[in-house]
Amino acid sequence: MADAAQAEKPPGTMTSRKENGIGWMIYDQVAKHNAVTYDMRCAIPGIMADFEADDDVRVAVIAGAGEKAFISGSDISQFGEKRSSEEARELYDEASEQANAAMNSFSKPMIAMIHGYCLGAGVLTAMLCDFRIAADNAQFGAPPAKLGLGFGYSGVDNLVKLVGPAYAAEMLFTGNRYGVEDALKMGLVNRVVPYADLEETVREIAGTIAANAPLTLKSVKTSIRNTQMDENVRDMATVQAQIDACFASQDYHEGRKAFLEKRSPEFQGR
């Protein structure tokens, strides 16, 4: 029965679950090291919208199924069908843009939990997260130059902002793979932990975030985003409005009260 169920499984699946204030979005195509399909991209906006609308979800974790990979890239086997004409390519690219936009506009903290292969689309996905925790078996690379593929400007821009122009140039010009020590030195990841400790570490960090004040988290994320924009397009009115909302919130009073009473606060996001 297990074999029959596996045979009926779509070529790629996005799965999600919610637990203890954490929303988990998981790329699941283990047979191809979680290479991302068109249908997987189409599923992402719905999952992110669900997490966004659920006040019980305070933080999202992006992960890959199985033991071999976070995301090994796009499923290139689909390119013959999904990118065979200008119209087909536009539909494929639109799905990619909508998936990226859904992650990029997510207002809550988002963590990439990376193990094994993190290549191409995997690097792009990881960079859409607010920060990245990697296992010691992770490998990183952006191989479009080895495949003759175009690498979108937004991906180049994100990579340059994260690691700087010199490291971005090295990665993109060579298409080489890099281990976690190089990734940590570049600033591509925040920290490296043993593979056996990866999920526990991410759960602990995500749990700490989930216990903090949601309105403060939202305002800080908005502020961080605006620091990465040109001054003439920064939305400082929204930044200030969100900061003011923190001071006007019940959570602000709860935080002060809990501090004075020497107990953990119970924030409600209002």
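The values are calculated or read from the model by the stated rules, or taken from the named source; none is laboratory data. Because the structure is a prediction, the values reported are computed rather than measured. Ideal geometry is used to build each Cβ from the backbone, glycine not excepted, and the neighbour counts take in all protein chains shown.
Evaluated against (1) buried (at least 16 other Cβ atoms within 10 Å of the Cβ); (2) closer than 30 Å to K161 by Cβ; (3) under 25 Å from the mean Cα position of the chain (by Cα), D235 falls short on exactly one condition, (1). Within the range 201-214, the residues that satisfy the criterion of being of a type in the set (G, A, S) and either at pLDDT below 95 or buried (at least 16 other Cβ atoms within 10 Å of the Cβ) (or both) are A206, A210, A213. Scanning the range 222-232 for residues that are surrounded by 15 or more Cβ atoms within 10 Å (Cβ to Cβ) and out of contact with any Asp or Glu (no Cβ under 7 Å at 6 or more places or on another chain) gives T222, S223, R225. Can you tell me which residue in the range 29-58 is surrounded by the most Cβ atoms within 10 Å (Cβ to Cβ), limited to those that are over 21 Å from Q268 (Cα atoms) and charged (D, E, K, R)? Per the criteria, the residue is R41. Given the structure, is L188 in a helix (DSSP H, G or I) and either modelled with pLDDT under 95 or touching a strand residue (DSSP E or B) at 6+ places or on another chain (Cβ under 7 Å) (or both)? Answer is no for this residue. Counting the residues of the range 121-165 that are at pLDDT 95 or above, more than 17 Å from the chain's Cα centre (by Cα) and outside any helix (DSSP H, G or I) gives 3. Residue pairs whose Cβ atoms lie under 6 Å apart, sitting 6 or more positions apart in sequence or on different chains, and linking a residue in the range 174-185 that is in the same structural domain as V160 (by TED's automatic domain parsing) to a partner that is part of a helix (DSSP H, G or I) and surrounded by fewer than 17 Cβ atoms within 10 Å (Cβ to Cβ), are G175/A145; G175/K146. Restricted to the range 142-196, and to residues there that are touching a Gly at 6+ places or on another chain (Cβ under 7 Å) and of a type in the set (D, E, K, R), the residue that is farthest from A126 (Cα to Cα) is K146.
Residues in the range 191-227 that are outside any helix (DSSP H, G or I), touching a strand residue (DSSP E or B) at 6+ places or on another chain (Cβ under 8 Å) and either of a type in the set (A, V, I, L, M, F, W, C) or not assigned by TED's automatic domain parsing to the domain that holds A168 (or both): how many? First the steps, then the outcome.
Filtering the range 191-227 for residues outside any helix (DSSP H, G or I) gives 191-194, 211-213.
Now restrict to residues that are touching a strand residue (DSSP E or B) at 6+ places or on another chain (Cβ under 8 Å): 191-194.
From what is left, the residues that are either of a type in the set (A, V, I, L, M, F, W, C) or not assigned by TED's automatic domain parsing to the domain that holds A168 (or both) are 192-193.
The total comes to 2.
In this structure, S105 qualifies as out of contact with any Cys (no Cβ under 9 Å at 6 or more places or on another chain), under 21 Å from I22 (Cβ atoms) and either surrounded by fewer than 21 Cβ atoms within 10 Å (Cβ to Cβ) or free of Cβ contacts under 8 Å to residues at least 40 places away in the same chain (or both). Picking from residues in the range 80-100 that are of a type in the set (G, A, S) and over 18 Å from G46 (Cβ atoms), the one that is modelled with the highest pLDDT is A88. When residues in the range 1-28 are screened for being over 23 Å from I209 (Cα atoms), at pLDDT 95 or above and either of a type in the set (A, V, I, L, M, F, W, C) or crowded, with 20+ Cβ neighbours inside 10 Å (or both), 1 of them pass.
Comparison of L217, L198 shows that the only residue that is crowded, with 18+ Cβ neighbours inside 10 Å, in contact with a Ser or Thr (Cβ under 9 Å, 6 or more places away or on another chain), within 30 Å of H115 (Cβ to Cβ) and among the aliphatic types (A, V, I, L, M) is L217.
Selection within the range 45-59: residues that are part of a helix (DSSP H, G or I) and in contact with a strand residue (DSSP E or B) (Cβ under 6 Å, 6 or more places away or on another chain). The member of this set that is farthest from I111 (Cα to Cα) is I47.
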